[in-house]
Number of protein chains: 2
Amino acid sequence: MAIAKDLVVPPRGMRDLLPDEVALRDRVSAAILDTYVAWGFRHIETPAVENIRNLTAGQGGDNEKLIFKILKRGEEVEDWAKAQSLDALVDLGLRFDLTVPLVRYYAHNRAKLPRLFKAIQMGPVWRAERPQRGRFRQFVQCDIDVIGSGAALVEVELCAATAAALQKVGFRDFTIRLNDRRVLEGLARRCGFAEDRHGAVFVSVDKLDKIGRDGVVAELRAHGHDEAAVASLDAVLAGLTAPLADAAAFRAALAPGADEAAVYDGLASIAEALAAASGGSYRVQLDPTLVRGMGYYTGPVFEIVYKDYPFSIAGGGRYDKMIGRLIGEDVPACGFSIGFERIITILQEEAAAAATAPARRIAIIVDGDVPPARGLAEAARLRAAGDEVTLLPREKNFGRQLKTLHADGYSGFAILRAAGLGPIEAATTERAGA
Amino acid sequence: MAIAKDLVVPPRGMRDLLPDEVALRDRVSAAILDTYVAWGFRHIETPAVENIRNLTAGQGGDNEKLIFKILKRGEEVEDWAKAQSLDALVDLGLRFDLTVPLVRYYAHNRAKLPRLFKAIQMGPVWRAERPQRGRFRQFVQCDIDVIGSGAALVEVELCAATAAALQKVGFRDFTIRLNDRRVLEGLARRCGFAEDRHGAVFVSVDKLDKIGRDGVVAELRAHGHDEAAVASLDAVLAGLTAPLADAAAFRAALAPGADEAAVYDGLASIAEALAAASGGSYRVQLDPTLVRGMGYYTGPVFEIVYKDYPFSIAGGGRYDKMIGRLIGEDVPACGFSIGFERIITILQEEAAAAATAPARRIAIIVDGDVPPARGLAEAARLRAAGDEVTLLPREKNFGRQLKTLHADGYSGFAILRAAGLGPIEAATTERAGA
């Protein structure tokens, strides 16, 4: 009987994860979680599913178009044929990020939470994007957020904790890039862009890494922005020939007005604290062209880049107005999100996983005439010494069984006969028999 | 502005998990996963979502009526109003267990998996049950399965590994109960129940713990089973006055036919191996009335009960015919599932969590004139000594801030002033100010 293919494949755009990949993901998750817990953050969980009204309240940007919508059940659907629209049949959806659920969680549970609340969230989110190589419709996000304080200490702790987590995972050669949305606002204002066009200007500036200064300027012109403002911004960009490692260079490149002193001082204090905390183990750079896409950011924004990978491996910023939209009272908040799938991809490419690989994986092959209890006892003895140990019943085709051990991921094996346990031998694809 | 309640509550029947509960769940998950990995099982992951055809193929019993169904998206829905039924609008659903996805995973990936495959699965499942106290529509399952061998060694290893995981979590006083579906079949046959009524008989026998022998017999009579058969079964049940600790007592109570020798020998060898492996740290009992609900079991079945809790904390069995239904070729399989939510409930009730609670949780309160980098350095020093350490900016209302530290879960605090870090003081609800 042939297997019905559509019965055995995972849903379109989703993946089955094989054991080696899950082992890597588990090691990375545990390293990140352990670090954040040691830094005083608290792990929380929300359901994978949210009420559809909460997912479509306008906080999710384009992600709101990508929701997996869940049908009402049983008696909750009166008569589908009489429903006025598809939406009338839907009451729930799969979450598309962890920020919208966090804000709802905080609003619902704040009486039981510390006034200054430091949250960890790690879990899958779902987006019905057009499937493409390297992008999946279910993927893991890994966020920390601090709710309830506007102090610069918050940004410093978020960035330093994220750096510590990445170092625990094994990343070394990375750079934290910092900016402030208000620096961008001031720059756009001084260049002479119309206030209501600032958002559009930032979208173009955000492409600097991809299309270069000439590309950004050309796009701004094509979009019909004020010609003198574009020329003015072009001059500022031309002056940014190297990464800005300190606050003095940052101020010199941007010539902020006196009214912006507090914003620049705040950003400088964050950068200086991080540079001191890094002890040279990672770089800290100020970048006035750093935008970070989400519309809800209100202050400092940051990201972490690694080697010459064309994407950031972590990103975040301050969003002081988002909680207020839900609960009617502004509560300052700031978050940093590690791109979990991206760092897994990098670790797989670099085979860095090998550095943290577990101990030996040993198979004890148990002859048919040996009582199972003896197999358990021998396995327990090896396991106590730190090995991963599995029991395999001896198969009729013993030669084939030995041949496949290496391919099956075992580093060694030993045969348990009535006479006792044999020596541990290396699993190899060469061996033809016993 | 009042908060719109329906925007902030989780979906009906689902939960937000607060930090203390998640910390407990994380410790339990890690203890179970570490144990199973050390025993040679491999962690795998499937998507939370499955194709609806796979979820409704008849393997899930009543759970198939409880599926959260996902609407087709965008261009995948041609014209909903012309659809002939609700089902025509649905292509996916949330998984209701981990066994149906495991069987699909094995069928899809078997070329990349060991021929004798030992899988760990831990993750949420969803069932649209009527919400009731203690039951939730999203809950975690925690399964190990061995695919590809019919040897009794498999049952032994599954039971011993599950016992080891529960011991690692902190459970001591538990009992593994064993039976075999074929023992039940033989018993029903010898009592004289019609072959096609055996399933219904088992459903009644399964209630023995809840309604007692008289209740079971009354129900069998009410259901119209053969009167002589009911009387015969009643006599057997009357003989089972104490748990059967060994195979000889088991045989004596049931008087099996010669054709059942292999089944009884297999069950005896499993029980003996487990009793030896336990070293007296848990009990092993044979129970001919143990049914385990799922219809797909074909051989040994087992469960773990703890103290006098009226539910099992783990359950499983052999299902040698289930994979064959999907791939057209019988592959033996056997699994054991820990009731994750149940053991969390027990641990919370017993406050056993305290025994594995982490080190001190310390808050460093940073004065406004102290550079953030000094806070990071002091925190790193305490963290290196094993504490969980968080930084809090000093609030204007310092007295109130100190008062809430205990309620917020901190065990101690220290104040970081320009002059240096103060002593670590115990967080208390009594303290009125600094």
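Brief remarks on what is shown
- Just so you know, in region B:26-65 the residues that are surrounded by 18 or more Cβ atoms within 10 Å (Cβ to Cβ), within 8 Å of another protein chain (Cβ to nearest Cβ) and closer than 30 Å to residue A:108 by Cα include one that is nearest to the chain's Cα centre (by Cα), and it is B:26.
- Enumeration of residues in region B:103-154 that are part of a strand (DSSP E or B), within 22 Å of residue B:300 (Cα to Cα) and more than 9 Å from chain A (Cβ to nearest Cβ): B:121, B:141, B:142, B:143, B:144, B:145, B:146, B:147
- Single match in B:282, B:306 (criterion: surrounded by 18 or more Cβ atoms within 10 Å (Cβ to Cβ) and away from every other protein chain (no Cβ under 14 Å)): B:306
- For region B:375-386, the candidate set comprises residues that are more than 9 Å from chain A (Cβ to nearest Cβ) and charged (D, E, K, R); within that set, the residue that is nearest to residue A:270 (Cα to Cα) is B:378.
- For region B:266-324, the set of residues classified as over 22 Å from residue B:145 (Cα atoms) and free of Cβ contacts under 8 Å to residues at least 12 places away in the same chain consists of B:276, B:279, B:280, B:308, listed by residue number.
- Checklist (1) over 15 Å from the mean Cα position of the chain (by Cα); (2) surrounded by fewer than 22 Cβ atoms within 10 Å (Cβ to Cβ) applied to residue B:118, failing item: (2)
- Matching entry among A:39, A:80 (being farther than 28 Å from residue B:66 by Cβ and either outside the structural domain of residue A:128 (by TED's automatic domain parsing) or at pLDDT below 95 (or both)): A:39
- No other residue among B:395, B:388 is farther than 24 Å from residue B:22 by Cα, surrounded by 14 or more Cβ atoms within 10 Å (Cβ to Cβ) and acidic (Asp, Glu) apart from B:395.
- Candidate set from region A:169-221 (those that are acidic (Asp, Glu) and not in a helix (DSSP H, G or I)); member that is surrounded by the most Cβ atoms within 10 Å (Cβ to Cβ): A:180
- Test for residue A:164: is it assigned to a loop (DSSP other than H, G, I, E, B), under 19 Å from the mean Cα position of the chain (by Cα), within 9 Å of chain B (Cβ to nearest Cβ) and touching a residue at least 60 places away in the same chain (Cβ under 8 Å): no
- Test result for residue B:409, at pLDDT below 85 and crowded, with 17+ Cβ neighbours inside 10 Å: yes
- Out of B:331, B:389, sole residue that is within 12 Å of chain A (Cβ to nearest Cβ), touching a residue at least 24 places away in the same chain (Cβ under 8 Å) and in contact with a helix residue (DSSP H, G or I) (Cβ under 7 Å, 6 or more places away or on another chain): B:389
- Residues in region B:357-374 that are within 17 Å of residue A:37 (Cα to Cα) and either of a type outside the set (Gly, Ala, Ser) or facing chain A (nearest Cβ under 8 Å) (or both): B:358, B:360, B:361, B:362, B:363, B:364.
- Filter result for residue B:9 (more than 7 Å from chain A (Cβ to nearest Cβ) and of a type in the set (Val, Ile, Thr)): no
- Yes/no for residue B:266 being within 14 Å of chain A (Cβ to nearest Cβ) and at pLDDT below 90: no
- Selection of region B:125-142 for residues being buried (at least 22 other Cβ atoms within 10 Å of the Cβ) and closer than 16 Å to residue B:316 by Cβ yields only B:142.
- Among residues of region B:306-328 being within 25 Å of residue B:210 (Cα to Cα) and among the small types (Gly, Ala, Ser), the one that is farthest from the chain's Cα centre (by Cα) is B:317.
The values are calculated or read from the model by the stated rules, or taken from the named source; none is laboratory data. Just so you know, these numbers come straight off a predicted model, no measurement behind them. Cβ atoms come from the backbone with ideal geometry, glycine included; neighbour counts cover every protein chain shown.
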